[in-house]
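Report on one structure; see the data block that follows.
We did not get these values from a lab; they are worked out from the coordinates using the rules stated. Being a predicted model, the structure only gives us computed values, none of them experimental. Note: ideal-geometry Cβ built from the backbone for every residue, glycine included; neighbour counts use all protein chains shown.
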């Protein structure tokens with residue numbers, strides 16, 4: 001079998017992407033050259049940043065044009081190798097995108113130990129989203145014992161790690177999410193103090209009740225009105241960590257942001273986290289977090305579907321905020 | 001003569017204040033009690049923050065109610081004293097507000113040496129606005145040799161000091177102001193590299209021309225669209241110092257702020273400066289800045305009128321951005 005099934009961009013999405021913006025295509029499995037490896041995808045990670053890449057708005061990736069394979073991080077098995085670091089049968093994290101097979105020269109590839117944790121976690125809580133949470137919280141959030149850390153998109157892989165790491169460091173976590181099911185998971189599975197359903201509850205009133213002395217750290221994955229409300233409810237010397245802007249990935253033009261007047265009053269600081277700046281911490285993070293996972297100190301949930309052809313609908317579900325946990329496509333073997 | 005002329009609030013201003021929102025009133029010159037001093041105002045400082053106090057939006061001052069004397073920093077001469085630190089004839093900085101005489105227990109009062117600098121500078125470049133510029137720029141802006149520092153309201157007492165101190169520390173200053181006359185002063189008198197008239201020029205285009213590698217520090221005195229444009233034109237690791245929000249002091253509800261997406265891309269940080277946090281630096285600042293003034297390294301301009309009855313119209317002019325330099329009311333003696 002020499003066919004490589006893949007998902008390509010059919011139309012530039014307008015607003016929230018639709019399944020019909022994508023289509024299945026086939027190509028020949030590529031041959032490797034010197035120092036390259038061919039991997040067969042096992043798990044594909046669907047992440048919000050992919051929307052920005054499709055639009056050409058992502059800083060570190062070139063726009064996906066019509067006819068191009070959609071990008072994405074993957075866990076794959078090495079099928080053939082001409083690279084001295086990798087052997088047939090090795091399991092690696094790589095960036096095959098939305099296709100069955102991919103070739104890489106090893107750049108950005110990382111070998112996995114299948115015995116240390118479930119493979120798909122390398123795309124979620126032990127992968128890029130986990131490192132984002134770890135670096136963003138510890139470097140910019142600077143959580144202290146008993147600090148109140150509020151995080152939006154709290155049931156997602158970044159959000160759940162922010163709240164769980166905060167608790168490991170002695171702080172208290174409060175989540176914001178968009179369904180009661182998500183809120184229950186955030187409280188019962190991830191151990192947050194509380195979780196607010198921003199769609200059905202009065203977010204500002206509930207924040208004032210839960211955090212009467214203000215928020216010490218707001219870890220923002222969404223932007224928009226949620227960010228605006230949090231800026232008005234900060235404790236003195238609070239830290240806002242800007243991580244994601246889920247409310248605006250599907251908009252054509254960037255909307256206004258929060259009024260910054262309250263930032264001055266609370267002497268808060270605002271910093272953005274870009275995970276690519278923090279790969280020097282990856283080894284420490286994975287070693288720590290793998291331990292936490294084994295000890296049961298961190299938990300995770302995945303929203304998994306089977307079969308590459310499900311990637312478009314599963315991605316659209318993520319874009320509508322209807323996923324419950326880290327969005328994973330597992331290939332049918 | 002025992003009459004104390006003063007200006008009181010007649011109406012709560014809606015939008016930009018009008019002269020008719022204020023009226024002249026008279027009272028008896030107050031008597032001092034134990035440990036108090038009576039001062040006669042020489043100079044009255046008009047500052048944008050007063051607008052916030054009138055609305056009740058200022059964090060550190062109680063709202064000015066109808067019938068109350070308008071607040072403000074003043075330079076005055078001690079007329080009678082029962083305070084061991086002050087003698088008749090001493091010149092002090094105090095907060096008499098918009099009136100001829102005031103009584104104080106010495107809190108927040110500072111004695112001036114009339115030989116060291118013109119008295120009115122204690123309300124401007126050597127006073128609260130100067131300290132704001134000094135602390136905000138050096139503590140949060142962290143200017144480095146050859147950094148490009150952009151400052152809005154550049155001809156005002158904060159703005160002109162930010163740009164001049166930046167130059168003393170080896171950085172380059174670029175101003176933003178609202179008239180050609182202001183821009184000429186900023187360049188020719190204060191030595192800025194350039195100054196953009198945001199009302200007649202394309203601000204974003206000009207910033208891109210003057211700062212092709214981005215802005216290292218943006219010292220913001222205005223908020224609004226200017227702040228939004230600057231966030232899109234930052235150098236890597238830029239610092240935004242939030243100091244004033246002139247665009248919104250006269251609005252009933254706080255407008256949205258800048259989109260914060262670009263902050264993440266440029267790894268910028270945002271901090272607010274509140275001058276009250278930095279009075280520990282006042283002595284150093286005054287000593288340094290008095291030296292700079294004597295050596296001709298810093299210059300200043302004042303928009304001075306004579307007579308307390310001119311305070312309302314002069315304040316309204318400031319609120320419309322039509323002042324040219326630090327707004328001072330000098331009493332007729």
Original post:
Is it true that residue A:302 is under 30 Å from residue A:11 (Cβ atoms), more than 15 Å from the chain's Cα centre (by Cα) and touching a residue at least 60 places away in the same chain (Cβ under 8 Å)?
Top reply: no
**OP:** Find the residue count for region B:134-154, including only residues that are touching a strand residue (DSSP E or B) at 6+ places or on another chain (Cβ under 8 Å) and under 18 Å from residue B:49 (Cβ atoms).
**Re:** 4
**OP:** Can you confirm whether region A:199-209 contains a residue that is touching a residue at least 24 places away in the same chain (Cβ under 8 Å), over 20 Å from residue A:258 (Cβ atoms) and surrounded by fewer than 24 Cβ atoms within 10 Å (Cβ to Cβ)?
**Re:** no
Original post:
surrounded by fewer than 20 Cβ atoms within 10 Å (Cβ to Cβ) and within 30 Å of residue A:60 (Cβ to Cβ): does that describe residue B:296?
Top reply: no
Original post:
Looking at region B:256-287, which of its residues are in contact (Cβ under 8 Å) with a residue 60 or more places away in the chain and more than 14 Å from chain A (Cβ to nearest Cβ)?
Top reply: B:279, B:281, B:282, B:285, B:286
Subject >> So residue A:170, is it surrounded by fewer than 19 Cβ atoms within 10 Å (Cβ to Cβ), away from chain B (no Cβ under 14 Å) and in contact (Cβ under 8 Å) with a residue 12 or more places away in the chain >> reply: yes
**OP:** Tell me which residues, restricted to region B:225-241, are more than 23 Å from residue A:221 (Cα to Cα), buried (at least 19 other Cβ atoms within 10 Å of the Cβ) and within 11 Å of chain A (Cβ to nearest Cβ).
**Re:** B:241
**OP:** Filter region B:26-63 for residues that are in a strand (DSSP E or B) and within 20 Å of residue B:306 (Cβ to Cβ) and give the result.
**Re:** B:26, B:39, B:40, B:41, B:42, B:43, B:44, B:45
